[in-house]
Amino acid sequence: MYQLTEKHPLSAGLPPIAEDVFASMWRLFVHIGKFWNNMDDPAPYRSQLYTFMCNRISLYPIYHEYYILAKKVMDELIAERGEDAAYELLFTDAGALQTPPKTPLALVRQCVSNEFVAWQLALGGFKAWGAENYCGYIGGAFIPGQPAPYRTWS
Amino acid sequence: MKVETLIIGSGVGAAALAQRLLAKNPRASILMLEAGGSVKMKDAALWQNYVVSGNLPYDPYQDADYPERGQPGENVSLGGTVMGLSGSRVFTLGGTTIHWDGWSFRLKPEDFRLYSNTGQGIDWPIGYDELEPYYGQAEHYIGVSGEAKDCGVPRSTPYPFPAFPYTLEDQPVAAAMEKLGIAYGHMPIARHGVTETTSTHAPCQTTGTCLYCPFGARYSANNFLNDMVAWGAYPNLEIRLNSFVKEITMSTKHRASGVVYHDRFAGKDVVVEAEQVIVAAGALESPKLLQRSRSSHWANGIGNDLDLVGRYLITQPYYAFSADIAANPARLQPEMAFATLCSRHFDSVEEQPKGKFVIGNPPSAPAINLASQMQAGRRRADIDRYVDGTQQLQLIGQIEIVGDWKDRVSNYGKMNSMGMIETAIDFTKPASFDARFVEVQARINRIFEAMPATPAANPFLSWRADHSCCTTRMSTDETQGVIDRDLKVHGVDNVYVCSNAAFSSSGSVNPTLTLAALALRLGDHLNKSTTKASAAR
């Protein structure tokens, strides 16, 4: 991945992701691992989440607004229910899966949370289910004489 | 504008040929015309978008579905069997290599003698031995990882990269095949490996996202062409995008003068003179171009006096058979995006009269999808039970089909969304196919039962045009095919077809490696011709 990142013409004029917005999104990412018990230490992936968010905005400028909305929705839910219950609602509420999303919660679930889920799995969350490699995970090259970067049989 | 070599298309045939010509003469004058645009490759944002959404950046550059009630669609299917176009090819720089899986089989020697062995179809005018050195070169060119000892065909050179080890998912398939005495081996796959030589092509990082490789480790012709333009020091190589070739123009019956193409964004027709014209536009667009290149010299299109251009259209029917296992204690799940185990056991002389077939173990089965489970809101314990529980295994592959004169591709007259003339497909599967399919299913079900797994009732079968070929087939004389053993149109001195259209028959394996070998061989042929012409001057 050595080429420049594809950019939407509108994304160049957007301000950087605000610190408090990213902090909120990072908490959401951490809670994915906590809720599904599939990532003990997410800290190494903090910068990768930031890059991921920047790239989403770069391709689709509306993601800048999605992330701001997600912070607002989560702030309100946490104030109302407490942190763990707020994330549980975000991750499991069946109504938030209705498409197209018609509520702020549904928008956050579908455009932010569920994308973070897919990205978290690709960063290593999949390992909790026994595999060594995953579609989206950069497992590394197969170097002859060394173990392959996936489960093998011979 | 005047060029030495004009290449229509930019897939593997075009790219391999251009590279071979430029290796001999870096100053060779080559113009490549691509009807589509280009997609940015190895881009982090596009790759991440694919990872989280499944959307590929080249999705918009494909055929629409056939017209349906309430949907205008594109192209037309006229025959008794629907050969789908949507999803089978991509109109961008690099052509369809941008989305191929990378199965890189050689044809077997008997495939070149189809008529002699079975009385069906025709023999190739060249034999396996003649193409064998080019197969080796093609494997190096596109970067194939494989194991020489289990490839099942004679070979004089090793693969450039060692085979990828079998995945754990391969274990039940391999065990069942061993029990039944069915030979299996490593899938020869177009993925660059680790090499000690200098290469601009990164080794496979097993990302499992091969349809848009973030590193360019799977051969995609546009990566190679981009490199050639950026770093190749080829001052006279030019690639023009969004340039749809309307016709090849002829100065005499036996000699083309060049082409007329439509520059889509400039909105005008452009005339190019060329010393030689290479039609490398795939098995469907290549014959269509010859058909519509009508003139006083060729009233029915170039090379079409005997109504053979576009005829003998085939594709390899793709099957997927499934079977259930009651539990998944090893938690088998997709860890790769390409198959590592295959079997050419039934790709044999014995099976040739009825149609050979190959078997692959797809990396996508069991089709465990952790993301969809979590995104649906399932809890950890539920997902654990899902992973451990009943799963469906699959075996996939292709079956050999022999071409029939009545099956044909032609121009439909309307323009598609990319400014190209739409396609008419007139194809009906062979009458014997259904019985053969039942036989293949029985063979595959025996493998499932030996695992043991319970075969599922409804097999999947697709006649999509991914491996379409033979539409300007190579022949010893003009009564049987359109082009000669050097890929030159019979009766024309300077028009060549370098695409799957050139195949005399297809066997049961993916055509890309064979096309790359033919392209490199054509490059040598043209280089020799150039040398002779220079000497004569």
Note down all Cβ pairs under 8 Å where the first residue falls in segment A:112-127 and is closer than 16 Å to A:Cys54 by Cβ, the second is among the β-branched types (Val, Ile, Thr), and they're at least six residues apart or on different chains. A:Glu115/B:Val52; A:Phe116/A:Ile32; A:Trp119/B:Val51; A:Trp119/B:Val52
Scan (1) farther than 30 Å from B:Met415 by Cβ; (2) in contact with a helix residue (DSSP H, G or I) (Cβ under 6 Å, 6 or more places away or on another chain); (3) not in a loop (DSSP other than H, G, I, E, B) for the single condition B:Thr97 breaks and write down its number. (1)
Number of the exception - B:Ala365 against (1) small (Gly, Ala, Ser); (2) at pLDDT 95 or above; (3) surrounded by fewer than 23 Cβ atoms within 10 Å (Cβ to Cβ); (4) under 28 Å from B:Gln205 (Cβ atoms): (2)
I need the full set of residues from segment B:369-400 which are crowded, with 22+ Cβ neighbours inside 10 Å and within 14 Å of chain A (Cβ to nearest Cβ), in order please. B:Leu370, B:Ala371, B:Met374
Options A:Gly130, A:Gly95: the member that is open to solvent by less than 40 Å² (accessible area, probe 1.4 Å) and over 22 Å from A:Met53 (Cα atoms): A:Gly130
Would you call A:Tyr63 within 12 Å of another protein chain (Cβ to nearest Cβ), aromatic (Phe, Trp, Tyr), part of a helix (DSSP H, G or I) and open to solvent by less than 40 Å² (accessible area, probe 1.4 Å)? yes
Of the listed residues (B:Leu31, B:Leu85, B:Leu21), the one being in contact with a Leu (Cβ under 6 Å, 6 or more places away or on another chain), in contact (Cβ under 8 Å) with a residue 60 or more places away in the chain, open to solvent by less than 20 Å² (accessible area, probe 1.4 Å) and more than 14 Å from chain A (Cβ to nearest Cβ) is B:Leu31
Out of all the residues in segment B:39-53, is one or more more than 10 Å from every other protein chain (Cβ to nearest Cβ) and not in a helix (DSSP H, G or I)? no
Within the set of pairs 6+ apart or on separate chains, which have a first residue in segment B:369-390 that is over 20 Å from B:Ala330 (Cβ atoms), a second that is hydroxyl-bearing (Ser, Thr, Tyr) and open to solvent by 20 Å² or more (accessible area, probe 1.4 Å), and C-beta atoms under 8 Å apart? B:Gly377/A:Thr92; B:Arg378/B:Tyr386; B:Arg379/A:Thr92
Go through segment A:71-121 and count every residue that is in a helix (DSSP H, G or I) and away from every other protein chain (no Cβ under 14 Å). 16
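Within segment B:201-220, can one find any residue that is more than 30 Å from A:Ala148 (Cα to Cα), among the hydrophobic types (A, V, I, L, M, F, W, C) and surrounded by 16 or more Cβ atoms within 10 Å (Cβ to Cβ)? Full working, then the answer.
So in segment B:201-220, the residues more than 30 Å from A:Ala148 (Cα to Cα) come out as none.
Checked segment B:201-220: no residue is more than 30 Å from A:Ala148 (Cα to Cα), among the hydrophobic types (A, V, I, L, M, F, W, C) and surrounded by 16 or more Cβ atoms within 10 Å (Cβ to Cβ).
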Does at least one position in segment B:500-522 carry a residue that is open to solvent by 20 Å² or more (accessible area, probe 1.4 Å) and more than 22 Å from the chain's Cα centre (by Cα)? no
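The values are calculated or read from the model by the stated rules, or taken from the named source; none is laboratory data. Computed from a predicted structure; not experimentally measured. Glycine gets a Cβ as well: all are built from the backbone with ideal geometry, and neighbour counts include every protein chain shown. Calculation scope for accessible area: heavy atoms of the full protein, side chains included, ligands and nucleic acids excluded. Shrake-Rupley method; radii C 1.70, N 1.55, O 1.52, S 1.80 Å.
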